[in-house]
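Asker: Here it is: the structure, laid out below.
The values are calculated or read from the model by the stated rules, or taken from the named source; none is laboratory data. On a predicted model such as this, the values are computed, not experimentally measured, just so you know. Neighbour counts run over all protein chains shown; Cβ positions are idealised from the backbone, glycine included. Side chains included, ligands, DNA and RNA excluded: accessible areas come from the protein's heavy atoms. Shrake-Rupley method; radii C 1.70, N 1.55, O 1.52, S 1.80 Å.
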Amino acid sequence: MKLFGVLGDPVSHSLSPVMHNAAFKALGMDCEYHAFRVSPENLEKALYGAYALGFGGLNLTIPLKEKALDIVQPSELARQIGAVNTVDFEHGMAGHNTDGMGAKMALSSAGIKITGKNILLLGAGGAARAIAFQLAKDGARVTIANRTLERAEALAKDVKKVGKAQASGYENLKNLIQDSDILINSTSVGMYPKISGTIVTSDMMHKDQVVFDIVYNPQNTLLLKEAKKAGATTIDGVMMLVFQGAESFKIWTGRTPPVDEMEKAVREKLA
Ligand code: NAP
């Protein structure tokens, strides 16, 4: 039997075990995935321990993603983003970041093209960094709008090395939204338990827009409800969660992940 897992602190809330175990079951693989609470001080020992024990691979979550850069051999993208969420032990200890690919696949699996599109990304935290790099590399024009302007400016400066990016605060949000093809919320606004929060309301959006909220708890956030009112196309955060997990699964096993089974398992758990 091969073991996989997610390291983090806290980690008991993670949906990754249910998602990956559903994938192993669907493919009849003799593998198990578990959550392990690990503090940043113990990350290096935990990674070498998992390597020595023959683990198939690991995910990393808060607060370990940045620290892992100094321990594993990060991919170019993980280094640019500044965080590792997937560790593969096949060739030493390789670090990847699949969050941006998760967002890209959530869009493309819904038939949304990215190249040449104006994307307004709300937020400049860890998830926003991964999404901004991936979508700019894929040829989108990414405007990063954040409550703290300096963070948006710092991220836009980094992303400009790989594609088109600019920074903004929230003062001109309505115009920025009107000019965007795709609006992505990568802030934590609207997340459980503060589910009555949204930065954007229906009067600010238009019906030809795609609105993607990466918050997955609740699945139908207030932002998505507002977007539906405006007649926009909506994508929820579960899709990004599933596709980032699917990318990790591919890296570890080389197999095509059963994305539908993974989505079903996550939605059942969240419900
Ligand atoms: P983070 O690094 O802590 O960043 C949080 C971001 O939210 C910052 O840009 C912050 O702005 C902004 N923010 C927080 N409260 C705000 C408020 N009241 N008004 C305006 N902006 C506010 O967090 P993260 O890791 O990027 O995660 C962000 C969200 O994405 C979380 O809800 C997380 O669960 C979700 N997520 C989903 C997936 C998925 O697969 N679907 C993956 C990763 C994360 P400031 O810079 O001004 O503080």
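Asker: It is to be established whether one or more residues within region 184-200 are open to solvent by 60 Å² or more (accessible area, probe 1.4 Å) and charged (D, E, K, R).
Answerer: Yes, region 184-200 has at least one match.
Asker: Related question: If I ask for residues that are part of a loop (DSSP other than H, G, I, E, B) and either within 18 Å of GLU268 (Cβ to Cβ) or open to solvent by 20 Å² or more (accessible area, probe 1.4 Å) (or both), which ones from region 1-35 would you list?
Answerer: Once the filter is applied, which keeps residues that are part of a loop (DSSP other than H, G, I, E, B) and either within 18 Å of GLU268 (Cβ to Cβ) or open to solvent by 20 Å² or more (accessible area, probe 1.4 Å) (or both), region 1-35 yields MET1, ASP9, PRO10, SER12, HIS13, SER14, LEU15, LEU27, GLY28, MET29, ASP30.
Conditions tested, residue by residue: (1) of a type in the set (Ser, Thr, Tyr); (2) open to solvent by 10 Å² or more (accessible area, probe 1.4 Å); (3) under 12 Å from the mean Cα position of the chain (by Cα).
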position: ASP213; (1), (2), (3): no, no, yes
position: THR221; (1), (2), (3): yes, no, no
position: VAL238; (1), (2), (3): no, no, yes
position: PHE243; (1), (2), (3): no, yes, yes
position: VAL259; (1), (2), (3): no, yes, no
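Asker: Still on this model: Looking at VAL159, VAL87, which is the one that is in the same structural domain as LEU60 (by TED's automatic domain parsing), open to solvent by less than 10 Å² (accessible area, probe 1.4 Å) and either without any contact (Cβ under 8 Å) to a residue 24 or more places away in the chain or more than 15 Å from the chain's Cα centre (by Cα) (or both)? Give the derivation first.
Answerer: Working: VAL159 fails: in the same structural domain as LEU60 (by TED's automatic domain parsing).
From the options VAL159, VAL87, the qualifying one is VAL87.
Asker: Also, quick follow-up: Which ones in region 52-75 are farther than 22 Å from PRO10 by Cα, open to solvent by 50 Å² or more (accessible area, probe 1.4 Å) and out of contact with any strand residue (DSSP E or B) (no Cβ under 6 Å at 6 or more places or on another chain)?
Answerer: Within region 52-75, ALA52, LEU53 meet the criteria.
Asker: Is it fair to say GLU247 is modelled with pLDDT of 95 or more, over 26 Å from ARG141 (Cβ atoms) and open to solvent by 10 Å² or more (accessible area, probe 1.4 Å)?
Answerer: Working: modelled with pLDDT of 95 or more: yes; over 26 Å from ARG141 (Cβ atoms): no; open to solvent by 10 Å² or more (accessible area, probe 1.4 Å): yes.
Against the criterion (modelled with pLDDT of 95 or more, over 26 Å from ARG141 (Cβ atoms) and open to solvent by 10 Å² or more (accessible area, probe 1.4 Å)), GLU247 does not qualify.
Asker: Right, something else. Name the single residue, out of those in region 199-214 being in contact with a helix residue (DSSP H, G or I) (Cβ under 7 Å, 6 or more places away or on another chain) and more than 10 Å from the ligand (Cβ to nearest atom), that is nearest to LEU121 (Cα to Cα).
Answerer: Across region 199-214, the extreme among qualifying residues is VAL211.
Asker: Right, next: So, in region 34-59, how many residues would count as being among the aliphatic types (A, V, I, L, M) and closer than 9 Å to VAL6 by Cα? Before the answer, list the steps.
Answerer: To start, the set of residues in region 34-59 that are among the aliphatic types (A, V, I, L, M) comprises 35, 38, 43, 46-47, 50, 52-53, 58.
With the extra rule that they be closer than 9 Å to VAL6 by Cα, the set shrinks to 35, 58.
Final tally of qualifying residues: 2.
Asker: From the residues in region 95-128 that are over 16 Å from the mean Cα position of the chain (by Cα) and either on the phi > 0 side of the Ramachandran plot or assigned by TED's automatic domain parsing to the domain that holds GLY49 (or both), which one is surrounded by the most Cβ atoms within 10 Å (Cβ to Cβ)?
Answerer: It comes out as GLY116.
Asker: Please name all residue pairs, on different chains or six or more residues apart, with Cβ atoms under 9 Å, provided the first residue is in region 94-109 and is over 8 Å from ILE131 (Cα atoms) and the second residue is of a type in the set (Lys, Arg) and part of a loop (DSSP other than H, G, I, E, B).
Answerer: Partner pairs satisfying both residue conditions: ASN97/LYS65; LEU107/LYS113.
Asker: Let me ask something additional. Scan region 100-116 for residues that are in a loop (DSSP other than H, G, I, E, B) and of a type outside the set (Gly, Ala, Ser) and jot them down.
Answerer: Step one: filter region 100-116 for residues in a loop (DSSP other than H, G, I, E, B), giving 109-116.
Matches in region 100-116: ILE112, LYS113, ILE114, THR115.
Asker: Can you tell me how many residues in region 162-171 are open to solvent by less than 70 Å² (accessible area, probe 1.4 Å) and free of Cβ contacts under 8 Å to residues at least 60 places away in the same chain?
Answerer: Here is the first cut: in region 162-171, the residues open to solvent by less than 70 Å² (accessible area, probe 1.4 Å) are 162-163, 165, 167-170.
So of that shortlist, the ones also free of Cβ contacts under 8 Å to residues at least 60 places away in the same chain come out as 163, 165, 167-170.
So the answer is 6.
Asker: Restricting to region 117-143, give me the number of residues that are more than 9 Å from the ligand (Cβ to nearest atom) and not in a helix (DSSP H, G or I).
Answerer: Total satisfying the criteria: 11.
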